[in-house]
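Notes for the one structure printed next.
The values are calculated or read from the model by the stated rules, or taken from the named source; none is laboratory data. For clarity, every value in this text was computed on a predicted model and none was experimentally measured. Positions of Cβ are generated from backbone atoms using ideal geometry, with glycine treated the same way; all protein chains shown enter the neighbour counts.
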Amino acid sequence: MNLLKFIWRTCRGMMVITTIAAVLSGACNAGLIALVNTALTKPAQPGSLLIWVFIAVGLGKILSNFASQALLAKFSQGVIADLRRDLIRKILTVPLRHLEELGAPRLLVALTDDVANITNALLAIPFVAVNLAILLGGAVYLGWLSWQVLGAIGILVLLGGIGYRMIIASAFKHLNLAREEGDTLYGHFRALTEGIKELKLHRNRRRAFLTQDIQSATEAYQHHSVKAEMRFVISQNWTHLLYFTLIGLILFLLPGMVEMNRETLTGYVVT
């Protein structure tokens, strides 16, 4: 929460503009879905009004998407620079004894990997805004077509979301463990650079450094990183499974259970 306040305080205007552009992009995307469904289900040739609306919404989608991504690129680098400057100022105010207890490797990780990871997480806000706008726009349109079917789909999506959350939680658990091993690795890197002369002069110490310290730390880091990546892969394919399950239910199961016209069925599949 303090980090969010820091971002809001230092980059308030850029964050608001980026989020607005992202929301507009998501809204245009939802509008395009509705227009495509209307054109597909309309028996007559689409009128000039529908064509001009499609062109306008399509251009709005492209321009708003370009604006959000361009602003995000500028915003992200500004956030990283501000975070590092603020973190360095705070490190300089910490008592020396506490800094020695933390150790140089942990400080280096905080200034490099942690800043980048935190920034990437915070910069997901505009993308969340895009997906939220698409989700809300699509839900409104689906509810207009058939609120009963929307409710059934909502339950399935909720159950799928719970499963997705469990997989992601396990992935972040291994990411945290990998981060701890990263601290250990940074310590070994520092020992290598500062004690290179001693390591080159003492064969037994050099062998122990390679076969024990470096070997165990790199293997542990690799183990937890692979575990985390595998869970992210599983989560991605879980969403694909949920997506195709929804399409299959709409196409093959719902028409036999609920009376649906062709326009409603097409609208659900397209959305």
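Results for (1) modelled with pLDDT of 80 or more; (2) surrounded by 12 or more Cβ atoms within 10 Å (Cβ to Cβ); (3) not assigned by TED's automatic domain parsing to the domain that holds TYR186, shown as yes or no for each residue.
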site	(1), (2), (3)
HIS202	yes, yes, no
PHE209	yes, yes, no
ALA217	yes, yes, no
SER225	yes, yes, no
ARG231	yes, yes, no
HIS240	yes, no, no
LEU246	no, yes, no
LEU254	no, yes, no
THR264	no, yes, no
(request) Select, from VAL57, VAL94, the only residue that is more than 22 Å from the chain's Cα centre (by Cα), closer than 21 Å to VAL23 by Cα, in the same structural domain as ARG12 (by TED's automatic domain parsing) and not hydroxyl-bearing (Ser, Thr, Tyr). (result) VAL57
(request) Hey, can you tell me all the residues within the range 60-76 that are in contact with a helix residue (DSSP H, G or I) (Cβ under 9 Å, 6 or more places away or on another chain) and either closer than 22 Å to VAL115 by Cβ or not assigned by TED's automatic domain parsing to the domain that holds THR112 (or both)? (result) GLN69, LEU71, LEU72, LYS74, PHE75, SER76
